[in-house]
1. Looking at the P(r) of the chain, how many percent of alpha-carbon pairs lie beyond 16 Å?
2. Calculate one ³J(HN,Hα) per residue across the range 2-15 by plugging θ = phi - 60° into the Karplus curve 6.51 cos²θ - 1.76 cosθ + 1.60, and present them in order as whole Hz with x for glycine and proline.
3. Given 0.36 nm per residue, what is the gain on full extension from residue 28 to residue 43 after removing their alpha carbon distance, in nm?
Amino acid sequence: MPQTLAGWILFDLILFSGGASITTAVKLIMSGFGKSSRSHLDFHAAYIFGALLVIATALFIWIEPPI
């Protein structure tokens, strides 16, 4: 568990971006099967949330090294 405020902020950011990227990925998969409409903003959101997840995880590991 995080020990610093920055660690907690990054941990929350990881949880948020992970959930958001899963949500947009499911929406894109459903649009592939024709069950929902496809928007170009969904692709951008998936890329942004995925990149945010990777960056936040890397910073979290750098700031809060495992014991």
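1. When every Cα pair of the chain is considered, 51 percent fall beyond 16 Å.
2. After applying 6.51 cos²θ - 1.76 cosθ + 1.60, I find x, 10, 10, 5, 4, x, 5, 5, 5, 4, 5, 5, 5, 4 Hz.
3. 4.6 nm
The numbers here are math on the coordinates, done by the rules we state, and not lab data. Not measured: the values here are computed from a predicted model.
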